[in-house]
Amino acid sequence: MLVGLLLIGVAAWGKGFGLVSSIHIIGGVIAVGVFLLLIAIVGLIGAMHHHQVMLFFYMVILFIVFLFQFGVSCSCLAMNSEQQEALLNSAWGMLDNKTKTDLESQLNCCGLLNVTASQAQFREDLQNCPALCRHSGACFTCGVMMLNHATEALKILGGVGLFFSFTEILGVWLAVRYRNQKDPRANPSAFL
């Protein structure tokens, strides 16, 4: 439940402070948070009512979430700088122009990486750039600024994801153990 609430809160905070303007990113993070919150509620209701079917589905879904989260966390921790640059290039190509201009104005940078574009394309990107640094002529590219902090951010994200993935596997283990216990309120002579 805490992870779901944390995701919803971080998405709302990012939207409120104007850090992220893309409604698709905010909507995706909120959807994942709501999904995790609903799964946690299913687990709580199943545990309170000793409902074996609900606990079974909770276990299965939580184990699938564990597998995905463990894989993504390990990928974040193992990503080197060349892979980060390739990922950044592909992500930049998928962004719409409004998101690109928001990033350029927030980070005070222009363009992604000038090594991938021709000089004419880079000059054109510099002319269309909304950042304040373009007037001084000493603008860094956004790719360089993002790559400077990407390694640290990926290590933090990977570590936090790894921690929560192990708490999820603990939840699966507890659900397996609790699912096989009899309901103390049930009639002992009834067939269970």
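Annotations
- Here the gap between Asn148 and Gln106, fully extended at 0.36 nm per residue and compared with their Cα-Cα distance, gives a gain of 13.6 nm.
- Per-selection Kirkwood Rh - region 135-185 (Cα, Å, 1 d.p.): 15.0
- Stretching the chain fully between Val176 and Met94 yields a gain of 25.3 nm (0.36 nm per residue, less the alpha carbon separation).
- Look at Thr99, Thr167 and count the other Cβ atoms within 10 Å of each Cβ; fewest to most, that gives Thr167, Thr99.
A short reminder: the numbers here are calculations on the coordinates, not readings from a lab. Please read all numbers here as calculations on a predicted model, not as lab measurements. Here the Cβ is made from the backbone with ideal geometry for all residues, glycine too, and neighbour counts use every protein chain on show.
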